[in-house]
Amino acid sequence: MLRYVESYLFNTVTTVTTLKDGKMNNSNIQKTIIKLRKQLQQANYAYHVLNESIMEDSVYDQLYRRLYTLEQENPNFSNSNSVTQRVGEKPALHFTSVKHNITLYSLENAFNLDELEAWKSRCQKYLGLQTNESIEYVTELKIDGSAISLTYKNGLLVRGLTRGDGVTGEDITQNIRTIFSIPLRLNLDNPPDTLNINGEVFLPFDEFTRINEQKKKEGKILFANPRNAAAGTLRQLDSKIVSKRRLQFFAYSLYADNLNIENQWNSLKFLQKCGFLVNPYYRLCKSLETVTNYFNEWKSAKKHLPYMTDGIVVKINSYSLQHKLGFTQRFPRWAIALKYPAEEVSTIIIDIIFNTGRTGAVTPMAVMKPVLLGGTVVRKATLHNIERISQLGICIGDTVVVRKAGEIIPEVVRVLKTLRPFKIKTFQIPERCTRCNHILTSFSNEVVIRCINNSCPAILKGTLVHWASRDALDICGLGEKIIDLLISTNLVNSISDLYYLDFQKVSSLERMGKKSAENLIKSIERSKDKSWTQILYGLGIHHIGYTTAMLLTENFSSVKHLSKASHDSLMTIKGIGKEAAQSIVDWFLIEENGKLINKLNNIGFVLENKNSGLDESKLSKHQFLNMTFVITGSLNTLKRNEAKDLIKELGGKVVNSVTKKTNYIIVGNNPGSKLSEGAKLNIIQLNEAEFLKILKDTNIKNDKIHKNQEYIK
């Protein structure tokens, strides 16, 4: 008996042979499953990447159901990369933090054409080029979404991570698999062993509108904008919810050894060949003038796009020049984001209120008639401080111009005094905190007024919100509403109280229940395993952002050492300013903060760099201090990330590009082009045995090093 399934894909007839009793043998089942997967994969690629429909929906559904049934009946032929496996059966309990194979750097921002020109001049100077020597650029639209990294092994998708802090991200592979513009299998006959892809997940406007309309019907809180919706969706624990929100993905960069690709332009072409959706509006620019024309063109044309874009990205096209330019602590020198001018709208001030933040700073906020700004309905805008209000000469009832500062925070920029009504109301500078009624204090070196009551509920709330935030302790379920409940019921009066919460008391809180309470307490417990950097950032010390926290933990291996640091010693660290240095010193002088550190130690936090086997008495004498390494090829004894961690423990750093500032190249098996680049620059080369010998001589504790004595010899 023969069964025929019409195939629009190949304009042929797919023939499946069955036996007389109606059953297929294993060989035929496997062949049928493989063919169905290929047909459906090609149909998905055509529809979601090429924007072409090569198969009727009814035929697709028929083939999909047939494949699903065969896989269910024959689990021995199951494959995680089948199109039927894009949606996971069970929600994840939590996301695991994983190190990126390749660091995801931020982009330096330029807010006008003069800053773009200054960037070009810096690049020319660094490369030793004359001002009249041209550089070739590739320009791309800067999509306003969430950056992710993907890893493919032998052509198969094995991992997807959020950007996180650029060094580590959350493993959201289960959710990534639901995005149809991300191929589960690369469209290549001979894919590289490992391919790392970076790109942007985003939500088109029409899908954003559909989701919010559905949330409104269900009485749920609406997403503020497509960017927040995309980010929130990616971190959903249930991939079935993610699959219903139809996220999209644009790939924009790739990393792999032994790929014969010499520039960004060809890498975008290669990504398309792999089966990725690439933003179609990229352009090759022979001069900065062409870049400017591209920017001006899209500044006005962006309103016609079906998704959010907040600027353009300019990259030097040549990989050779990119490698020479390298990276700063935070940015690639060879790329920059040129942001569109902030959108401005006018509205009317209804009131001026004062909010107390986690540092005690009291910030005036303008309450306004709702107005649409940058795709978001805005009702409040910051006035920054009292001095700013005086400069603006603002009164309640005024018509003002509002814009989004850095495309994120709404701010009042000017008052339209010609529209001022006859009856206006002036505001009064508060003398007491609106949350705790404590007298407010002003300091001669600051323009803000502060509440200095450590028991102020607003300060406590801000402290806990910051502690639980994604870049800090990342405590899922500990949002503002739950924090309000914990404070109002007197269950939490400090950070340390979170770690002594009683399950019964938490589950009895309004809107909690046993399951929510159980998940919250588990998430709080897991936060004890966060890194020294995340903990330091989470403490919310004034002027200590995440990047500064990274600098501090790289230079001070534990809280014990940091607490003893002087202002002068802190100032010797590149990237640490006077204010940050003074804040650190002042923070450790406060008795309450010392008690908090002791409590965190007792709770089980590791307030030092984990896995540090280095004798700290030798910290200033070790061999890798301030040295830069590049690794090329695969290592036998250590994984690449293990080697990176050991170099970092010994004071060095590992970068991806060879420059004249590179001190050593560690050469493994099958080295790439970095080896020849290093030879041209006379960089010292170490084979793996030489590298391990140096590590052994430092007395660093690592079992793999000491188990491989013969190899080291």
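Okay, here's what the table says:
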{"quantity": "Reachable lysines from Lys125, criterion Cα separation under 19 angstrom, eight or more residues apart if same chain", "calculated": "Lys286, Lys315, Lys324, Lys660, Lys661"}
{"quantity": "For region 109-339, alpha-carbon Rg relative to the globular expectation (2.2 N^0.38 Å, N residues)", "calculated": "1.07"}
{"quantity": "Solitary cysteines of the chain, where the nearest other Cys Cβ is not under 4.7 Å", "calculated": "Cys123, Cys274, Cys285, Cys395, Cys476"}
{"quantity": "At 1.567 mPa s and 4 °C, Stokes diffusion of region 395-458 via Kirkwood alpha-carbon radius, µm² per second", "calculated": "88 µm²/s"}
{"quantity": "Between region 628-700 and region 203-240, the alpha-carbon center distance in angstrom", "calculated": "45 Å"}
{"quantity": "Options Gln130, Ile439, Leu551, ranked by Cα towards positive dipole end of the chain, top entry (Cβ charges)", "calculated": "Ile439"}
{"quantity": "Mean separation of Cα contacts under 8 Å (6+ apart) over length of region 109-339, as relative contact order %", "calculated": "31 percent"}
{"quantity": "Sorted by Cβ density within 10 Å, fewest first, the residues Leu184, Leu284, Leu675, Leu589", "calculated": "Leu589, Leu284, Leu675, Leu184"}
{"quantity": "Net lengthening on full extension, Ser27/Arg432 (0.36 nm per residue, minus Cα-Cα)", "calculated": "137.8 nm"}
{"quantity": "Once exposed loop chymotrypsin sites (Phe, Trp or Tyr not before Pro) are cut out (DSSP; at most 13 other Cβ, 10 Å), longest piece of the chain", "calculated": "11-421"}
{"quantity": "Percent RCO, i.e. relative contact order, over region 457-529, from Cα pairs under 8 Å lying at least 6 residues apart", "calculated": "31 percent"}
{"quantity": "Kirkwood hydrodynamic radius of region 242-325, Cα pairs, Å", "calculated": "14.9 Å"}
{"quantity": "Enclosed volume per residue, in Å³, of the convex hull spanned by Cα atoms of region 457-529", "calculated": "74 Å³"}
{"quantity": "Difference of contour (0.36 nm per residue) and Cα-Cα distance, Asn190 to Leu127", "calculated": "19.1 nm"}
{"quantity": "CD proxy at 222 nm, helix term only [per DSSP H run n ≥ 4: -39500 (n - 2.57); per residue of the chain; nearest 500]", "calculated": "-10500 deg cm²/dmol"}
{"quantity": "Student exercise, the chain dipole from Lys, Arg, Asp, Glu Cβ charges, in Debye to nearest 20", "calculated": "620 debye"}
{"quantity": "Radius of gyration and maximum dimension Dmax of region 463-612, Cα, Å", "calculated": "16.3, 51"}
{"quantity": "Long-range amide H partners of Gln685 with built H, under 5 Å", "calculated": "Ile665"}
{"quantity": "Given charges at Cβ of Lys, Arg, Asp, Glu: the chain dipole, positive-most of Asn453, Leu520, Trp467", "calculated": "Leu520"}
{"quantity": "Label-point separation, Asn154 to Asn228 (7 Å along Cα→Cβ), nm", "calculated": "4.5 nm"}
{"quantity": "Extension gain (nm, one decimal) between Val447 and Ala118, 0.36 nm per residue minus Cα-Cα", "calculated": "115.3 nm"}
{"quantity": "Packing-based exposure ordering (other Cβ within 10 Å, fewest first) of Lys299, Lys578, Lys461", "calculated": "Lys578, Lys299, Lys461"}
{"quantity": "Set of lysines near Lys505 by C-alpha distance (under 23 Å), chain-local residues within fewer than 8 positions excluded", "calculated": "Lys461, Lys481, Lys514, Lys515, Lys522, Lys528, Lys599"}
{"quantity": "Cα→Cβ-extended label distance, 7 Å offset, between Glu642 and Gln329, nm", "calculated": "3.1 nm"}
{"quantity": "Test item: Cα-centred dipole of region 115-186, Lys/Arg +1 and Asp/Glu -1 on Cβ, debye", "calculated": "340 debye"}
{"quantity": "Under 5 Å, built H, 5+ apart or other chain: amide partners of Asp144", "calculated": "Met308, Thr309, Asp310"}
{"quantity": "Residue-wise HN-Hα coupling along region 188-202, computed from phi with Karplus coefficients 6.51, -1.76, 1.60 (Hz; x: Gly, Pro)", "calculated": "10, 6, 10, x, x, 3, 9, 10, 9, 10, 10, x, 10, 8, 9"}
{"quantity": "Per-residue ³J(HN,Hα) for region 642-657, Karplus 6.51 cos²θ - 1.76 cosθ + 1.60, θ = phi - 60°, Hz, x for Gly and Pro", "calculated": "5, 4, 4, 4, 5, 4, 5, 4, 8, x, x, 9, 10, 10, 8, 10"}
{"quantity": "Cβ-defined net charge surrounding Lys660, 11 Å radius [Lys, Arg +1; Asp, Glu -1]", "calculated": "+2"}
{"quantity": "Computed magnitude of the charge dipole of region 457-529 (debye, nearest 20; Cβ of K, R +1, Cβ of D, E -1)", "calculated": "180 debye"}
{"quantity": "Contact order relative to length of the chain, as percent, for alpha carbon pairs under 8 angstrom and 6 or more apart", "calculated": "9 percent"}
{"quantity": "Neighbourhood net charge (15 Å Cβ-Cβ; Lys/Arg +1, Asp/Glu -1) for Ser346", "calculated": "+3"}
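Each reported figure results from applying straightforward, stated rules to the coordinates on display, with no laboratory input. Remember, it's a predicted structure, so these values are computed and weren't measured experimentally. Glycine gets a Cβ as well: all are built from the backbone with ideal geometry, and neighbour counts include every protein chain shown.
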